[in-house]
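Okay, structure first, notes after.
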Amino acid sequence: MSSRNINHKIGITYAVAAYIGWGILPIYWKSVEQVSALQLMHHRIVWSFLFAALLITLKKQWPEIKQVVTNWKTILLILGCSLIISANWLIYIWSINNNHVIESSLGYYINPLINIAIGTIIFRDRLDKWQWIAIFLAITGVVIQTVEFGKIPWIALSLAFTFAIYGLLKKLLKVDALVAITLETMMVFPIALGYLLFVEISGTGIIGNTSISVIFLVICSGVITFLPLLWFGQAARRIPLSTLGFLQYIEPTINLLLGIFFFHENFSRTDLVSFGFIWLALAIYIITQINIRNNIKKINLVDEETETSLS
């Protein structure tokens, strides 16, 4: 087997591990549901930064940190990433611990289609008719939920939009992944640490109000936040983005199955119809991406054959 094929298989393994890790996170957050979502978010920031700082120290990347913080444009982008991902974490943890696992999975099914819309608006990407149909079907699925339940599925839309905006800012940010994540958590670390000290002093924190096992799990939130991110980064270096995009649906699928069969949340006919429109939209999107990739390969082959014949 060639080194290229081995590298590709390693990349697939990393990607699957990352998405499975994110997919089973609801079980983790449910195990600490006695801690408020707001406190969990701040703990996640604090312990993520400390874990990141440890990795940066081991990899001797502090000079890179110093170099990055001299650029104000980069600092503003990192601050934006920090605030957006913090909001995403808060909404996600709250949704899991308030029995909205199914709706949160809907958000991550919608997310790639929001990315398409952002690409069209911001980067003026051109969409073919099938991609427009995919977006229309996704919107239809959201409208069905809104009409049936008399309210906008704000959890799903908030998760989808915050993660899409985070992805947009990360695309504009030309910084090493570990350095970027360290700075993102560093930006809000003082606020998060101050909040946690305040709740502990006021007697509403986790110390003295929860068991040692829960405190241990909360502390480990930094590790469980970082590991899938590191695996994802390793995968992104080894396999095409189109493959990553396809494997992305492992996460919301696991979330959905957990919501239905593990947490026993209600999954009505309306939910099935709504998700059906989303799934159909994603199927069209994936097929379109595969066709685009195949066309690019054909063009490259023709170019190579032309260059060979000319030489």
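The values are calculated or read from the model by the stated rules, or taken from the named source; none is laboratory data. The structure presented is a predicted model; accordingly, all values stated were derived computationally and were not measured. Cβ atoms come from the backbone with ideal geometry, glycine included; neighbour counts cover every protein chain shown.
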Worksheet entry | Near pairs, Cβ below 8 angstrom, 6+ apart or cross-chain, from segment 183-210 (under 17 Å from GLY222 (Cβ atoms) and in contact (Cβ under 8 Å) with a residue 24 or more places away in the chain) to any residue that is in a loop (DSSP other than H, G, I, E, B) and not aliphatic (A, V, I, L, M) | LEU196/GLY205
Discussion item. What are the pairs with Cβ atoms under 8 angstrom where one residue, in segment 223-237, is at negative phi and the other, located anywhere, is charged (D, E, K, R) and in a helix (DSSP H, G or I)? Sequence gap at least six, or different chains.
Written reply: THR225/ARG44
Item to complete: Give the number of residues within segment 142-176 that are buried (at least 16 other Cβ atoms within 10 Å of the Cβ), of a type outside the set (Val, Ile, Thr) and within 30 Å of ILE102 (Cα to Cα).
Response: 15
Worksheet item: Which number in (1) assigned to a helix (DSSP H, G or I); (2) more than 27 Å from ILE286 (Cβ to Cβ) marks the one condition that THR210 misses?
Response: (1)
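For segment 157-202, which positions are among the small types (Gly, Ala, Ser), at pLDDT below 90 and more than 21 Å from PHE51 (Cα to Cα)? First the steps, then the outcome.
Applying the first criterion (among the small types (Gly, Ala, Ser)) to segment 157-202 yields 158, 160, 164, 167, 177, 180, 192, 194, 202.
Retained after the next criterion (residues that are at pLDDT below 90): 160, 164, 167, 177, 180.
Those that are among the small types (Gly, Ala, Ser), at pLDDT below 90 and more than 21 Å from PHE51 (Cα to Cα): ALA160, ALA164, GLY167.
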Worksheet item: Taking only pairs six or more apart or across chains, which ones have beta-carbon atoms under 6 Å, a first residue in segment 146-169 that is without any contact (Cβ under 8 Å) to a residue 40 or more places away in the chain, and a second residue that is surrounded by 14 or more Cβ atoms within 10 Å (Cβ to Cβ)?
Response: ILE152/THR146
Worksheet, complete the sentence: Exception for ASN99 within (1) free of Cβ contacts under 8 Å to residues at least 24 places away in the same chain; (2) under 30 Å from ASN266 (Cα atoms); (3) outside any helix (DSSP H, G or I); (4) not aromatic (Phe, Trp, Tyr) falls at (1)
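Table: residues versus (1) at pLDDT 80 or above; (2) under 20 Å from GLU251 (Cβ atoms).
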| residue | (1), (2) |
| --- | --- |
| LYS66 | yes, no |
| THR74 | yes, no |
| TYR92 | yes, yes |
| ILE102 | yes, yes |
| ILE116 | no, yes |
| GLY119 | no, no |
Worksheet item: Has segment 292-299 got any residue that is over 23 Å from the mean Cα position of the chain (by Cα) and modelled with pLDDT of 75 or more?
Response: no
Item to complete: Return a yes/no flag: does segment 119-137 have any residue that is acidic (Asp, Glu), in contact (Cβ under 8 Å) with a residue 24 or more places away in the chain and not in a helix (DSSP H, G or I).
Response: yes
Fill in: Odd one out for ALA235 among (1) crowded, with 16+ Cβ neighbours inside 10 Å; (2) farther than 24 Å from ILE152 by Cβ; (3) modelled with pLDDT of 85 or more
(3)
